[in-house]
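Read the figures in this text as sums done on the coordinates, not as results from a lab. As the structure is a prediction and not an experimental result, all values here were calculated from the model. Here the Cβ positions follow ideal geometry from the backbone for every residue, glycine too, while neighbour counts run over all protein chains shown.
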Amino acid sequence: MTIAVEHVNKLIHENSPYLLQHAHNPVNWYPWCEEAFVKAQQEDKPIFLSIGYSTCHWCHVMEKESFEDEEVAEILNKNYISIKVDREERPDIDSVYMKFCQAYSGSGGWPLSILMTPDKKPFFAATYIPKHSKYGLAGFVELLESIKETWEFKKEEVLNAGNSAQDALRRSEKLDIKAVDEDKFIDSVMRNLYTIADFKYGGFGDKPKFPAPHNLLFLLRYWKKSNNENLLKHVEKTLESMYRGGIYDHIGFGFSRYSVDEKWLVPHFEKMLYDNALLSYTYCEAYEATKDPLYKKFTEDIFTYILRDMTSPDGGFYSAEDADSEGVEGKFYVFSPDEVKSALGEEDGERYCKLYDITEKGNFEGKNIPNLINSTMSELTNHEIDNLREKLYRFRAKRVHPFKDDKILTSWNGLMIASLAHAGRVFHNKDYVIQAEKAAKFILDNLSNHEGRLFARYRNEETINLGILDDYSFFIWGLIELYLSNFKTLYLEKAITLTDKMLELFWDEDSHGFFLYGKDSEELIVRPKELYDGAIPSGNSAAVYTLLQLYKITGIDKYLDISEEFFKAFGGKAEEAPTAYTFYASSLMTKNTPGSQIILCGDVENEDIQNMLRVCNKTYDPFRIVLVNDGDEKLKYLCPMLSDKTQIDCKTTAYVCKNYSCQKPITCADELEKILSE
């Protein structure tokens with residue numbers, strides 16, 4: 001009788017769900033730590049660096065094929081020092097080596113597989129690698145054996161390759177600073193997006209298709225500025241098509257990360273907090289722009305999922321849910337007709353199957369991903385259908401659930417806080433604002449210190465890793481949205497304090513722009529500046545957006561001055577590939593569009609103020625700022641321009657400035673509505 005050996009490696013002492021998933025691999029994994037690099041130096045071995053995250057399907061595949069395999073483990077343990085990194089906990093490390101992978105191989109993704117020297121310089125990169133050659137890919141075993149020989153007999157070549165890689169990475173971080181016509185750049189982003197727009201199924205480009213909500217936010221802003229109705233139509237087409245598709249979970253709500261096909265049918269089933277935060281923000285803005293109640297429903301359904309399944313008892317938001325359950329991708333989410341009828345009964349089951357494209361043939365590996373691609377939207381509002389969905393949800397809940405990554409990340413929480421606070425304002429729903437406040441309190445209590453230093457991750461009462469730019473810029477965005485939704489001075493004060501800390505830690509005084517990691521953080525082989533707006537906006541794009549928002553709120557010139565320097569520094573880089581920088585372009589539009597500023601004076605709980613706020617929130621204007629001066633002395637200190645804006649004759653008073661021109665103060669909500677509609 002053979003007894004399986006229980007392996008334990010150094011990851012067993014970590015708290016990252018991803019690292020813990022690999023703690024019993026036969027590979028002698030190290031976390032990213034000085035001990036690993038010292039050992040590599042002492043034993044003169046190259047380093048195998050593997051970067052991934054807990055809900056990554058292909059990370060699971062490579063683990064099962066290679067990292068759980070005794071043969072592979074023996075090769076790695078004998079000839080390499082192996083290091084595992086959770087990209088969601090150390091995005092700084094991931095950024096550096098992903099840039100190398102993209103330059104080395106022409107593409108990137110996870111798992112990210114890097115071979116590097118003991119001094120952290122990479123010389124080989126790939127993503128998923130099969131154990132033996134297949135899919136046209138070189139096998140991991142063959143690769144490791146080949147590099148072992150190269151390291152043994154041609155080490156100088158390997159070291160030179162590592163030095164060259166570091167030099168190339170450093171050169172790539174140098175900005176081509178040149179004067180750029182900002183309005184022409186914004187127009188070029190619109191034209192380029194329109195060129196790659198899929199008018200049949202919505203979205204941009206071919207398969208695979210990512211939601212890229214910041215593309216849609218840009219088009220909404222450009223539509224508001226230009227009144228180009230075709231842009232609004234494409235935003236609506238995309239939002240409706242995504243909701244219809246299988247990328248959306250029609251039973252439990254929430255969006256998956258992307259679709260592998262062009263019509264949004266087959267998702268990569270993992271659900272990420274950041275996608276659902278940004279998509280709910282975008283659906284809410286679409287509701288503001290169109291007043292279509294379906295967009296409000298879609299937004300609220302996403303929040304139902306987040307608040308039900310992805311919120312900790314203390315108010316922080318969890319990170320993700322896996323694509324796999326019981327080792328099979330999508331198993332939790334798919335149905336056969338018999339399963340639906342078992343849950344709903346024969347008649348209702350037939351009806352539900354017809355509506356949601358559930359057939360004997362199936363649309364995904366013999367089973368069915370519920371979708372509404374061929375159904376009419378009018379059927380969505382049917383109350384009876386919603387009751388059937390609830391029954392099917394309870395039926396599905398008995399299945400083995402996908403793994404939930406319950407770590408709490410400051411950056412992604414910031415995005416969810418922003419979305420909830422924004423929707424609370426638009427929908428006049430105080431509960432959403434309260435949930436955003438709870439999450440903000442969690443971050444302030446657990447992921448920051450008294451000096452304003454944010455940290456990146458919290459799990460099981462452990463707070464680790466100094467926050468990067470994304471942690472600051474996204475959380476500041478959330479705090480600003482909170483302030484604009486409930487006008488509690490605390491949130492504006494915290495946003496300003498953290499912004500000053502962000503400038504201190506990340507701003508490049510010489511070449512401008514923000515570094516990814518702080519001056520007090522671990523120094524890697526290069527200190528990057530991320531601008532690319534990929535699955536989520538870059539920390540730089542979000543940082544400059546928050547600076548501009550604070551300028552509009554406070555009137556403090558330094559925020560505008562820094563923003564001007566920022567756009568000069570990055571203008572040349574953004575011009576090279578306009579559609580890669582859509583949130584950057586939205587921020588630039590925020591700077592260059594006059595917009596309006598409305599200051600309401602009086603008690604924020606007063607009915608007259610509330611009526612005026614409803615008037616302000618009736619129309620979609622992403623360039624408008626609405627403030628309330630309730631006489632708080634601290635608020636006047638933070639926003640000096642409010643000092644001369646006071647009530648007239650003890651009445652609730654509104655001051656409206658549009659296109660750099662201020663109108664006479666008014667005391668009537670009807671008059672305010674008339675002015676804003678002009």
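Which whole number in µm²/s is D for the chain by Stokes-Einstein, with the Kirkwood Rh taken over Cα pairs at 25 °C and 0.890 mPa s?
Working: Rh = 26.6 Å.
In µm²/s, the coefficient rounds to 92.
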Worksheet item: Dividing the alpha-carbon radius of gyration of the stretch 185-329 by 2.2 N^0.38 Å (N being the number of residues), what value is obtained?
Response: 1.06
Fill in: Folded to 0 to 90 degrees: helix 539-554 orientation relative to the chain principal axis, Cα
20
Worksheet entry | Radius 15 Å from Cβ of S661, net charge of other residues (Lys, Arg +1; Asp, Glu -1) | +2
Item to complete: Give me the number: length gained by fully extending E149 to R399, i.e. 0.36 nm times residue separation minus the C-alpha to C-alpha distance, one decimal in nm.
Response: 85.2 nm
Worksheet item: Tell me, what is the FRET efficiency for N449 and E678 to the nearest 0.05, using R0 = 30 angstrom and their Cβ-Cβ distance as r?
Response: 0.05
Practice prompt. Treating cross-link reach as a plain straight distance, find the aspartates and glutamates whose alpha-carbon is under 15 Å from the alpha-carbon of K488, omitting any fewer than eight places away in the same chain.
Written response: E437, D603, E605, D630, D632, E633
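Contour minus end-to-end for K134 and N374, with contour as 0.36 nm per residue of separation and end-to-end as the Cα-Cα distance?
Net length gain for the segment: 82.7 nm.
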Practice prompt. With unit charges on the beta carbon (Lys/Arg positive, Asp/Glu negative), name the residue among S50, Y97, G109 whose Cα is farthest towards the positive pole of the charge dipole of the stretch 36-114.
Written response: Y97
Worksheet entry | Net dipole in debye of the stretch 610-678 [+1 Lys, Arg Cβ; -1 Asp, Glu Cβ; about Cα centre; nearest 20] | 120
Fill in: D508 versus C657: modelled label distance in nm, points set 7 Å from Cα along the beta carbon direction
3.3
Discussion item. With an 8 Å Cα cut-off and a minimum separation of 6 or more residues, compute the relative contact order for the chain in percent.
Written reply: 11
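Highest mean first, what order results for 359-371, 456-468, 173-185 on Cβ atoms within 10 Å?
Those peptides, ordered most packed to least, come out 456-468, 359-371, 173-185.
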Fill in: Ratio Rg/Rh, restricted to the stretch 573-678 and using Cα atoms, in which Rh is the Kirkwood radius
1.07
Practice prompt. Give me the net charge of A125's neighbourhood, meaning all other residues with Cβ under 15 Å from the Cβ of A125; Lys, Arg count +1, Asp, Glu -1.
Written response: +3
Discussion item. Take the residue pairs K207/K519; K209/K367; K209/K558 and return only those whose Cα atoms are more than 28 Å apart.
Written reply: K207/K519; K209/K558
Worksheet entry | Which of C59, N611, L76, positive extreme of dipole for the chain (C-beta unit charges) | N611
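With 29 Å as the limit, write out which pairs from K134/K237; K99/K233; K39/K99 have Cα-Cα distances beyond it, or answer none.
With Cα atoms farther than 29 Å apart: K134/K237; K99/K233.
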Discussion item. Check which residues have an amide H placed less than 5 Å from T311's amide H, if you skip close sequence neighbours.
Written reply: Y318
Worksheet entry | Among C657, L498, A179 the positive-end extreme of the charge dipole of the chain (Cβ point charges) | C657
Worksheet entry | Kirkwood estimate for the stretch 10-172, i.e. one over the average of 1/r between Cα atoms, Å | 15.7
Discussion item. If you average the alpha carbon positions of the stretch 105-173 and of the stretch 545-564, how far apart do those two centres end up, in angstrom?
Written reply: 43
Worksheet item: Among S677, S226, what is the fewest-to-most ranking by other Cβ atoms within 10 Å?
Response: S677, S226
Worksheet item: Based on the mean of other beta carbon atoms within 10 Å per residue, what is the order of 477-490, 643-656, most packed first?
Response: 477-490, 643-656
Worksheet item: Within the set K224/K354; K148/K529; K10/K148, which residue pairs have Cα atoms separated by over 32 Å?
Response: K224/K354; K148/K529
Worksheet item: Order of 62-68, 297-303 by packing, highest average Cβ count within 10 Å first?
Response: 297-303, 62-68
Worksheet entry | Neighbourhood net charge (13 Å Cβ-Cβ; Lys/Arg +1, Asp/Glu -1) for L144 | -3
Worksheet entry | Partners for K200 among aspartates and glutamates (Cα-Cα distance below 14 Å; same-chain residues under 8 apart left out) | E236, E240, D261, E262
Worksheet entry | For the stretch 10-172, size of Cβ-based charge dipole, Lys and Arg +1, Asp and Glu -1, in debye | 440
Worksheet item: Assuming R0 = 51 Å, what is the FRET efficiency of E384 and S312, from their Cβ-Cβ distance, to the nearest 0.05?
Response: 0.90
Response to the item:
Pseudo-spin-label distance H7 to D431, built 7 Å along Cα→Cβ, given in nm, is 4.8
Response to the item:
Looking only at lysines whose Cα falls under 16 Å of K404's and that sit 8 or more positions away or on another chain, we get K271, K331
Worksheet, complete the sentence: Only helices counted: for the chain, with every DSSP H run of 4 or more residues adding -39500 (n - 2.57) and the sum spread over all residues, [θ] at 222 nm is -15500 deg cm²/dmol
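Test of understanding: what is the full-extension gain from E43 to K207, defined as 0.36 nm times their sequence separation minus their Cα-Cα distance?
54.5 nm
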Worksheet entry | For the stretch 596-676: lysine pairs under 27 Å (alpha-carbon distance), excluding those fewer than 8 apart on one chain | 20
Worksheet item: How high is the FRET efficiency from K200 to K361, r the C-beta distance, R0 25 Å, rounded to 0.05?
Response: 0.60
Worksheet item: Angle, helix 182-196 long axis vs. longest principal axis of the chain, Cα atoms, 0 to 90°, nearest 10?
Response: 60
Worksheet item: Taking the Cα atoms only, what angle lies between the long axis of helix 91-105 and the longest principal axis of the chain, rounded to 10 degrees?
Response: 60
